[in-house]
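Worksheet for the structure shown next.
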Amino acid sequence: MWMERRFAYAARVNDDATAEATDLLQHLIRNACVNDGDVASGHEHRSVDLLRSYLEGSGVDLQSYEPAPGRGSLVARIEGRDPTAPTLLLMGHTDVVPANADRWRHDPFGGEVIDGQVWGRGAVDMLNLTATMAVAMRRLAESGFSPDGTLVYLAVADEEAMGTWGAAHLVDHETDAIRADYVITESGGIPIPTPGGVKLPVMVGEKGCFWVKLRVRGTPGHGSQPWKTDNALVTAASVVQRIAEYRPETQINEIWRKFLEGVGLPDEMTAPLLSPDSFRDALDALPIGMARQFHACTHTTFSPNIAHGGSKINTIPDTVELEIDIRTLPGQTSEDVEAMLRDALGDLADRVEFDAHVHDASSASPIETPLWDSLARTTSRFYEGSAIVPMLIVGATDARFFRRLGATSYGFGLFSQRLTFEDFAVMFHGDDERVDQESLRLSTELWEAVARDMLGG
Ligand SMILES: [Zn+2]
């Protein structure tokens, strides 16, 4: 089957990159590398095989890694002529989160093209970029691209569950294979139309994850006599309530300030969003999706998402466990977060045992870098009069591992204006995920342009 596919690709050399990116994306979606967090899920080796077949014969060096059965990642490189010149890594993950087919208008793993859009889980998170990066890589190699610096493509497993079998493994154990000065991965690049032209957000940093379990103790007793008992569930309800009502301070960090100033909203909108005193009231005037995003960019957030407690209908529970998803801002430590939790809980803090089981600190790259300048130069060819603006991504991506290695890492892609910022906000891990083919063309061309601009040759 792969012989046929490769023949089909070869026949289309110099043909439309859009068709090639569409085809590759459809196959990646159909591979259904669903990662539910279990080591036995993911099966990213399917997409490693697909991408290897696609890239083989184009002149790139290929190497795959599989730290656990099925959890494969692929590295492709075009070695530079000058060992002192920088290395640029384009990284896309191949795994996706589960999808509930009943809620979708089309098969989430069908990869159908309908009205110029490719449908399926991963269409924007982030198989679109994984596919277009591979197409750019192949096209560059086949065009005889011989840069000063080195270009690396990494199709990585396990992004959707902490990166243990993907980026974390490679950074720790295969450092030489993936070491880079500059990294581009998800997401960013969704055009924001403004009176002053299109603005394209570059994700220069991301929030940290602090996942904590709170154990609330009570005293067991008979459910038939609740008067003045010490019911752990009743205490836990108050704990949840206090966390929900907690209002951590608004932090106007550098990324936020530069984003807002760069977007160039009217002064009467910008000024209140740059002051901690007026920030929350200003959110009320915005569409809810935008308000949530803006709030998350400037606050440590606390979301109580799991509660386990009680064992029997006639028994007063003696233990309840709550799990809180806390997202931190650049510079915050676990001590900072624990102090905030105590502050939120007040006198109930003594009734709770804390058990922080994940802490992945927030990370950010500098804004003034050669990669920033290169993205500014190259994107303006696609959107005349556009400007890039820095942004903080509120979820986690594999960029954090590369920032710890010292690489300048940004989240970026390029999209058409067919879908809006609000459309994208609901599609990430949501229903009816899809991407238009024009966006695939733009991204493919962008990767080629950035590689040439950054690496010379
Ligand atoms: Zn993703």
* Length released on extending from Val39 to Ser380, taking residue separation times 0.36 nm less the Cα-Cα span -> 118.5 nm
* Rounded to the nearest 20 Debye, what is the dipole magnitude of the chain about its Cα centre when Lys and Arg each give +1 and Asp and Glu each give -1 at the C-beta? -> 180 debye
* To do: Find how much the distance from Thr333 to His173 grows on full extension, using 0.36 nm per residue of separation minus their present alpha carbon separation; answer in nm with one decimal.
  => 55.0 nm
* **Residue among Thr84, Thr315, Leu62 farthest towards the positive dipole end of the chain, charges placed on Cβ** => Thr315
* To do: Only residues of region 71-100 count here: report those whose backbone N is under 20 Å from the spot 7 Å along Cα→Cβ of Phe428, or say none.
  => 90-100
* Structure fact -> For region 121-175 the GluC sites (Glu not before Pro) that pass both the DSSP coil test and the at-most-15 other-Cβ-within-10 Å test are Glu174
* To do: Mind giving me the FRET efficiency for Glu438 and Glu112? R0 is 22 Å, r the Cβ-Cβ distance, nearest 0.05 is fine.
  => 0.80
* Asked: Short version: what are the Cα gyration tensor semi-axes of the chain, square root of 5 times each eigenvalue, largest first, in whole Å?
  -> 41, 26, 21
* Asked: Mind listing the phi-derived Karplus ³J(HN,Hα) values for region 22-31, rounded to whole Hz, using 6.51, -1.76 and 1.60 with θ = phi - 60°, and x for any glycine or proline?
  -> 4, 4, 5, 4, 4, 5, 4, 5, 5, 5
* Starting from the Cα of Asp230, move 7 Å in the Cα-to-Cβ direction to define the label point; list residues of region 338-375 whose amide nitrogen is under 16 Å from there. => 348-353
* **Cβ-based charge dipole, the chain, positive-most Cα from Asn128, His173, Phe210** => Phe210
* Give the distance, in whole Å, between the Cα centre of region 178-201 and the Cα centre of region 59-133. => 18 Å
* To do: Would you compute, from DSSP H runs of 4+ residues alone, the mean residue ellipticity of the chain at 222 nm, taking -39500 (n - 2.57) per run and dividing by the full residue count, rounded to the nearest 500?
  => -11000 deg cm²/dmol
* Asked: How large is ³J(HN,Hα) for each residue in region 298-304, as worked out from phi by the Karplus curve 6.51 cos²θ - 1.76 cosθ + 1.60 (θ = phi - 60°), to whole Hz, x for Gly and Pro?
  -> 10, 9, 6, 10, 10, 10, x
* Nearest 0.05, what FRET efficiency do Thr219 and Ser64 give at R0 = 56 Å with Cβ-Cβ as r? -> 0.50
* **Within the chain, percent of DSSP bridges classed antiparallel, to nearest 5** => 70 percent
* To do: Just grab the label-to-label distance for Asp102 and Phe354, each label 7 Å out from Cα along the Cβ direction, in nm (one decimal).
  => 4.0 nm
* **Cβ-placed point charges (K, R +1; D, E -1), dipole of region 206-303 about Cα centre in debye, nearest 20** => 740 debye
* **Between 0 and 90°, nearest 10: helix 127-142 axis offset from the chain longest Cα axis** => 20 degrees
* What share of all Cα pairs of region 365-457, in percent, falls into each consecutive 5 Å distance bin? -> 2, 11, 19, 23, 22, 16, 7, 1, 0
* Would you work out which of Pro272, Met290, Met340 lies farthest towards the positive end of the dipole of region 271-355? Charges go on Cβ: Lys and Arg +1, Asp and Glu -1. => Met290
* Extending each Cα 7 Å along its Cβ direction at Arg292 and Arg257, get the distance between those two points in nm, one decimal. => 2.9 nm
* Asked: Applying the Karplus parametrisation 6.51 cos²θ - 1.76 cosθ + 1.60 with θ = phi - 60° to the phi angles of region 350-362, what ³J(HN,Hα) value in whole Hz is obtained for each residue in order, glycine and proline being reported as x?
  -> 5, 8, 10, 9, 9, 9, 7, 9, 9, 9, 10, 5, 4
* Structure fact -> For Lys213, Lys228, ascending order of other Cβ atoms within 10 Å (fewest first) is Lys228, Lys213
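Every number in this text was worked out from the coordinates using simple rules, so none of it is lab data. Please read these numbers as outputs of a predicted model, since none were measured by experiment. Please note: Cβ atoms are built from the backbone with ideal geometry, for glycine as well, and neighbour counts cover all protein chains shown.
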